[in-house]
1. So, in the range 63-83, of the ones that are farther than 16 Å from I30 by Cα and not in a helix (DSSP H, G or I), which residue ends up nearest to the chain's Cα centre (by Cα)?
2. Looking only at the range 18-49, count how many residues are touching a Leu at 6+ places or on another chain (Cβ under 6 Å) and in a loop (DSSP other than H, G, I, E, B).
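Every number in this text was worked out from the coordinates using simple rules, so none of it is lab data. Every value quoted in this text rests on a predicted model; they were computed, and no experiment measured them. So basically every Cβ, Gly included, is an ideal-geometry build from the backbone, and we count neighbours across all protein chains shown.
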Amino acid sequence: MVKNAFISVISQKENRGSVEFQVVSFTNKIRRLTSHLEFHRKDFLSQRGLRKILGKRQRLLSYLSKKNKVRYKELISQLDIRE
């Protein structure tokens, strides 16, 4: 999996406070919660948590797109999200 390789590379070399690292960690949580909710459709607390994490990731991505378009485009293409 290319995505997992990219995620492990980012986690080793990036600062944990960087926007890219936070977006990658939120993306991991989103994927994990999504697979959980496929089996447990009525787990409403997990649905709420997923919506909160989606909002946080969306705000971070909009911040990154305003500050640095190049890093934003690279991150979006590597994680295969949005656009």
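1. My answer is E83.
2. Going through the range 18-49 one residue at a time, the tally reaches 0.
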